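Heads up: the structure comes next, in structure tokens.
Only the coordinates and a few stated rules stand behind these numbers; no lab work does. Everything numeric in this text was worked out from a predicted model, so none of it was measured. Here the Cβ positions follow ideal geometry from the backbone for every residue, glycine too, while neighbour counts run over all protein chains shown.
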Amino acid sequence: MAVAAITENYVGERLDRVENFHGNQVLYIGWDHHLMFCAPVAFPVSPQAPFRQVLEELIPGAFSLHPEFGEIDWDEVQWHLNGEPFTPDMDATLAEQGIDHKSAVRFATPGLNGIKGCGS
Amino acid sequence: MSNRKLNLKDKYRLLTRDLEWEYSYRDYEEIFKQESFEGIKITDWSKWEDPFRLTMDSYWKYQAEKEKKLYAIFDAFAQNNGQQNVTDARYVNAIKLFLTGVSPLEYQAYNGFAHVGRQFGGVGARVACQMQSLDELRHVQTQIHAMSHYNKHFDGFQEFPHMHDRVWYLSVPKSFFDDARSAGPFEFMVAIGFSFEYVLTNLLFVPFMSGAAYNGDMATVTFGFSAQSDEARHMTLGLEIIKFMLEQHEDNVPIVQRWINKWLWRGYRVLTLVAMMMDYMLPNKVMSWQESFEVYFEEAATSLFKDLARYGIEMPAYAATAIEEKEHLSHQAWSIFYNYGHAAAFHTWMPTDQEMDWLSEKYPNTFDKYYRPRYEKWREMEEAGERYYNPTLPMLCQTCQIPMGFTDMENPTLTSYRQSEYDGERYNFCSDGCKDIFDHEPEKYVQSWLPVHQIYQGNCGGAEMEDVLGEYYRINLGVDNLDFHGSPDEERWNAWHNLQPAEDKLKEAS
């Protein structure tokens, strides 16, 4: 039973189907231990976008206000996709590397521990 | 001739048991068709013990007297320009949050209790719910009237019902109540009657009402006193429904336990708003969120669940998580609102030095270590004329709808991510509690109206954030939102009290 309901076999409307996003999908991105950004952020983005666009446009747009942003060594960054370690392919599209609708991408920047090292 | 003067007990028996119909030509199941689908087994409604034996005539008489006194205080408050006597204009933002976030829940409770007041086969339970429904309708009215005076002198009050239905952070309390009201009648009673009105009520009302008392807000504190006798009745009804279900059939125990787990977690997540109100929005503090949580949840719930253990009911699941979070919750919540202060219908600000010291003292394990450096950075940015606002919309939890600002308690600077896959789609959560609630009834929560996703789908006005905030939410931009410093609220307050804005003082000094 997927819900207690007065009608049998009740099916709820999926409000966030990918079809509702006008060709985009939702991508979440979080920067570990940098809670000056209070939560991971959400973007509408084309599944055909290469990861390079995430790195060069979306991530700076969201996180460049942080004083450590300029110090990030992108070759050392550790990525997670939906909880699993992951190595992004800059030239492949999101769809090609399994980043589907409402996927969560996290990145950690070893050595950068936030404002005064407090994880913010 | 017999004695026509009845005592209260007899009157109540006649109102309830004696007025009940015999259902002679329709099936019971047809009349009370919502009574059984949740799996709760009721064998004998006559075992229902009425928590309060109140008849309509005594109800009206008593409430009318109370409200006459209440409105006399409101009048006096208005005539004496009570709005000028609160501790500080920042305080009024707590009242804005209450009016937009909590008062509409009273209205939802009125709807909910009116509905279940029709659904139960037992007439005693029906009448008790109908009485509570009337209380809730009175409460929303008196709250609006208590706060309407502030609407004449401060910004952000004018569109509260509209905002409750649309604004991102108000979707948290709204969806909580929508969830309860769209459940069956017994679950509604566990959700609202027991979990919210019995277990969590003191965590909600004591901080707001004491906060009002400590900050010179006579109108709101008087409302609080006036509602107290009603709340006492609601608490006994909440406890009675739990005991009644548990005594009726042993098969009810696991169902009730699951609802308790779910609704105490849902309710606790809504109280995130109260946590930040207590620690950040009251110029004169009552007590910290942590202290309040220890008294009104940890101590009170421990003894309550000890009492319910004889029915086989245990401490709610996730209570341990809530206890672990108590040293972080308010700071994480205030950070969310400070990040998105441009999208809120009330003002946010950084604590003063004195307030930061109070937070250090109250939260010795967490404040200086995790939060003070963040706040000092934000203050520095503000002083440089670059007040920090998060430029990107946040990821939300599918169940509680709060931005994912909570962290793993073993690693408190790491965001807590949870995920489920259901019917080919991913769903994201802030916690095990929220994930488990989804996993049990996914067909309900796939329908969550998540404000961020709705904006991206184009369902909230135009493409620009100004359209969403200004037209769709009806936030008066540059007036209702943004930092308290530099707001028209602050300017008016300073004019009333001949105070100099902090900025001018700085200029003069340099």
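For a straight C-alpha distance cut-off of 25 angstrom, the lysines reachable from B:Lys5 (same-chain residues fewer than eight places away being disregarded) are B:Lys61.
When you filter the trypsin sites (Lys or Arg not before Pro) in segment B:72-171 for DSSP loop state and at most 13 other Cβ atoms inside 10 Å of their Cβ, you are left with B:Lys152.
Debye calculation, C-alpha points only, no solvent: report log10 I(q)/I(0) for the protein assembly as shown at q = 0.10, 0.12 Å⁻¹, in the same order as the q values. Scattering profile of the protein assembly as shown, log10 relative to I(0): -0.95, -1.33. Listed by chain and number, the aspartates and glutamates whose alpha-carbon sits under 20 Å from that of B:Lys362, ignoring those within fewer than 8 places in the same chain, are B:Asp279, B:Glu291, B:Glu294, B:Glu298, B:Glu299, B:Glu324, B:Glu325, B:Glu327, B:Asp353, B:Glu376. The phi torsions of segment A:71-85, fed into the Karplus equation with coefficients 6.51, -1.76 and 1.60 and a -60° offset, translate into couplings of 8, 5, 9, 5, 6, 9, 5, 9, 10, 10, 10, 6, x, 10, x Hz, rounded to whole numbers, with Gly and Pro shown as x. Annotation: amide H-H contacts under 5 Å for A:Ser103 (H modelled 1.01 Å from N, sequence separation of 5 or more, or interchain): A:Tyr28.
For chain A, the 222 nm mean residue ellipticity estimated from helices alone, with every DSSP H stretch of n ≥ 4 adding -39500 (n - 2.57) and the total spread over all residues, rounds to -1000 deg cm²/dmol. Would you mind classifying segment B:347-406 by shape? Square roots of the alpha carbon gyration tensor eigenvalues, ordered a ≥ b ≥ c; an a/c under 1.5 is rounded, otherwise it is prolate if a/b is larger than b/c and oblate if not. Verdict is oblate for segment B:347-406. Calculated mean residue ellipticity, 222 nm, chain B: -16000 deg cm²/dmol, from DSSP H runs (n ≥ 4) at -39500 (n - 2.57) each, averaged per residue and rounded to 500. Taking Cα atoms only, the orientation of helix B:56-79 departs from the longest principal axis of chain B by about 10 degrees.
Each Lys and Arg Cβ is given +1 and each Asp and Glu Cβ -1; about its Cα centre, segment A:22-117 then shows a dipole of about 420 debye.
Note on segment A:22-117: antiparallel DSSP beta bridges, both residues inside, total approximately 70 percent of the bridges counted. Once you sort the root eigenvalues of the Cα gyration tensor of segment A:22-117 as a ≥ b ≥ c, which label holds: rounded (a/c under 1.5), prolate (a/b larger than b/c) or oblate (the other case)? Taking the square roots of the gyration eigenvalues as a ≥ b ≥ c, segment A:22-117 is prolate. State whether segment B:426-484 is rounded, prolate or oblate according to the following rule on the C-alpha gyration tensor (a ≥ b ≥ c being the square roots of its eigenvalues): a/c under 1.5 gives rounded; otherwise a/b larger than b/c gives prolate, and the remaining case gives oblate. In terms of gyration-tensor shape, prolate.
Residues whose amide H comes within less than 5 Å of that of B:Arg426, counting only those at least five positions distant or on another chain, are absent (H built at 1.01 Å from N in the peptide plane).
Across segment B:118-271, the mean sequence separation of Cα contacts (distance under 8 Å, 6 or more residues apart), normalised by length, yields a relative contact order of 29 percent. Size descriptors for segment B:343-462 (Cα atoms only): Rg and Dmax, in that order, 18.0, 52 Å.
Working from Cα positions, state the angle (0 to 90°, nearest 10) between the long axis of helix B:201-214 and the longest principal axis of chain B. Approximately 50 degrees, to the nearest ten.
Expressed as a whole percent, the proportion of Cα-Cα pairs in segment B:411-458 lying more than 18 Å apart is 37%.
Residues whose amide H comes within less than 5 Å of that of A:Asn113, counting only those at least five positions distant or on another chain, are absent (H built at 1.01 Å from N in the peptide plane).
A DSSP coil position with no more than 13 other Cβ atoms inside 10 Å describes the following GluC sites (Glu not before Pro) in segment B:40-87: B:Glu49. Cross-link pairs exceeding 23 Å between alpha carbons, from the set B:Lys326/B:Lys444; B:Lys369/B:Lys507; B:Lys96/B:Lys152: B:Lys326/B:Lys444; B:Lys369/B:Lys507.
The phi-based Karplus calculation (6.51 cos²θ - 1.76 cosθ + 1.60; θ = phi - 60°) puts the 3J(HN,Hα) values of segment B:382-395 at 5, 5, 7, x, 10, 3, 6, 10, 5, x, 10, 5, x, 6 Hz, whole numbers, x for Gly and Pro.
Computed from Cα positions, the angle between helix B:103-119 and the longest principal axis of chain B comes to roughly 20 degrees.
In order along segment B:143-150, the phi-based Karplus estimate (6.51 cos²θ - 1.76 cosθ + 1.60, θ = phi - 60°) of 3J(HN,Hα) comes to 5, 4, 5, 4, 9, 5, 4, 5 Hz; Gly and Pro are listed as x.
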